[in-house]
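Quick notes on the structure that follows.
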Amino acid sequence: MIGLMPFIKDTVAYKTVYGDKERGTLSHAYLAVCADKTFIKEYVKILARLIVCKEKDPCGECRACRLTEAETHPDVYFYPRTGESVVAEDVTDLIEKTNLKPIESDKKVFVLTGGETMNASAQNKLLKTLEEPPAGVHIFIGSTSEYPLLPTVRSRTKKLEIPAFSADKIIAALKDECPDAERLKTAVSLGDGTLGNALALYGDENLAAVTDVCQKVLVGMRSSRDVLKYSSMITGLKSDLDEFLSVFELLLRDMLVYSEGKEPLVFDKRALATTKRAEGYNTASLLYALDKVTEAKKIKKANGGGAMLVERLLFSVLEGKHKWQKY
């Protein structure tokens, strides 16, 4: 089981709620923003435990902690009750329960996750309660982004940011659950600093196929005649183009690090065993290729992409190899 407390305890978000509790100045509403859709509820649940536990930090052993963790505490409520989006009916239920007296605690805590999917009707219904909640009521809204929420909702909450975490921290947390060290390092490097993405990528059977194709491109593509062959391989992958671009960028970055004599900084040493045999690359051509991958990512994000985008990228990589060979 992955222990999440070491992750969130060092964040400003946790320290903010901790400090508010110590001073007796807990906000009536918090907006917890975290890009990790998989674990955001668990992070916010820790913040809820921080409020209801009698200890300074949530002990994880008392009745309040155990019931909150199991989502059965009579004074801690979780939404949405069904599905993935908080809807108006959930907010109606929340409003009704804010007027009930606590049963076991001196506070009532409401945890809403999926804030980024909450429709306007539900948000508007929540406004009055956010503005004038009954005494002892504390509401957490967990969202992967603050911007889908109405400005009026955001202005009535205290913002908490749960940031991306370092690769070393994620690897240390997942090494027992994910025993293939090289695969884990690759997954973490592509996971944007979130545990959820790293776990999903580690378990993604397509990742190995994408990495294999990237290696073949880097080692085998020598002239423009090869572009169509490798472009077909890439567009034929089951994963989306974003995953290819991310893996391709990682392998180019590892080649660059290796070429500069910094092999300990290489992420995917298993892939490097193959890609370091690639011919025609030097520091300048690798930097040029990385720039072109960044450009391709921007184009993909703005306009989508497909075979034409892939072919353009591969031609650019070849162009860089030829352009910088004399240096």
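The values are calculated or read from the model by the stated rules, or taken from the named source; none is laboratory data. Keep in mind the model is a prediction, meaning the values are calculated, not measured. In this analysis, Cβ positions are derived from the backbone assuming ideal geometry, glycine residues included, and neighbour counts consider all displayed protein chains. In case anyone asks, the SASA skips ligands and DNA or RNA and just uses the protein heavy atoms, side chains included. Shrake-Rupley method; radii C 1.70, N 1.55, O 1.52, S 1.80 Å.
For segment 127-164, enumerate the residues that are closer than 20 Å to Asp75 by Cα and at pLDDT 95 or above.
Of everything in segment 127-164, those that are closer than 20 Å to Asp75 by Cα and at pLDDT 95 or above turn out to be Val137, His138, Ile139, Phe140, Ile141, Gly142.
Quick one: in segment 210-225, of everything that is assigned to a helix (DSSP H, G or I), in contact (Cβ under 8 Å) with a residue 12 or more places away in the chain and not aliphatic (A, V, I, L, M), which residue is least open to solvent (accessible area, probe 1.4 Å)?
Applying the filter and picking the extreme gives Cys214.
Which ones in segment 114-147 are within 18 Å of Thr25 (Cβ to Cβ) and β-branched (Val, Ile, Thr)?
Val137, Ile139
Quick check, is Ser232 of a type in the set (S, T, N, Q) and open to solvent by less than 30 Å² (accessible area, probe 1.4 Å)?
No; evaluated as a whole, the condition is false for this residue.
With segment 101-193 as the region, which helices (runs of 4 or more DSSP H) entirely inside it contain at least 3 residues that are under 15 Å from the mean Cα position of the chain (by Cα) and not aromatic (Phe, Trp, Tyr)?
167-174, 181-190
Of all residues in segment 1-37, count the ones that are assigned to a helix (DSSP H, G or I) and either open to solvent by 10 Å² or more (accessible area, probe 1.4 Å) or of a type outside the set (Phe, Trp, Tyr) (or both).
15
Looking at segment 277-289, I want the residues that are in contact (Cβ under 8 Å) with a residue 24 or more places away in the chain and part of a helix (DSSP H, G or I) and have a partner that is of a type in the set (Val, Ile, Thr) and open to solvent by less than 30 Å² (accessible area, probe 1.4 Å) with Cβ atoms under 6 Å, at least 6 apart or on another chain. Which pairs are those?
Sorted first by the residue in segment 277-289, then by its partner, the pairs are Ala289/Val317.
Taking into account only those residues within segment 276-327 that are closer than 13 Å to Asp242 by Cα and either among the basic types (Lys, Arg) or in contact with a strand residue (DSSP E or B) (Cβ under 9 Å, 6 or more places away or on another chain) (or both), which is most open to solvent (accessible area, probe 1.4 Å)?
Here the residue is Lys301.
Is there any pair with a first residue in segment 47-71 that is closer than 15 Å to Ala13 by Cα and a second that is surrounded by 17 or more Cβ atoms within 10 Å (Cβ to Cβ) and polar (S, T, N, Q) whose Cβ atoms are under 7 Å apart and which are 6 or more apart or on different chains, and what are they?
Ala48/Thr68; Arg49/Thr68
Is it fair to say Leu207 is aliphatic (A, V, I, L, M), at pLDDT 90 or above and either assigned to a helix (DSSP H, G or I) or open to solvent by less than 10 Å² (accessible area, probe 1.4 Å) (or both)?
Judged against the criteria, Leu207 is not a match.
Taking the condition of being assigned to a helix (DSSP H, G or I), touching a residue at least 12 places away in the same chain (Cβ under 8 Å) and open to solvent by 50 Å² or more (accessible area, probe 1.4 Å), how many residues in segment 250-269 meet it?
4
When you scan segment 146-159, do you find a residue that is of a type in the set (Gly, Ala, Ser), out of contact with any Phe, Trp or Tyr (no Cβ under 8 Å at 6 or more places or on another chain) and touching a residue at least 24 places away in the same chain (Cβ under 8 Å), even just one?
There is no residue in segment 146-159 that is of a type in the set (Gly, Ala, Ser), out of contact with any Phe, Trp or Tyr (no Cβ under 8 Å at 6 or more places or on another chain) and touching a residue at least 24 places away in the same chain (Cβ under 8 Å).
Quickly run through segment 290-327 and pick out the residues that are assigned to a helix (DSSP H, G or I), more than 15 Å from Tyr230 (Cβ to Cβ) and of a type outside the set (D, E, K, R).
Leu290, Thr294, Ile299, Ala302, Asn303, Gly320, His322, Trp324
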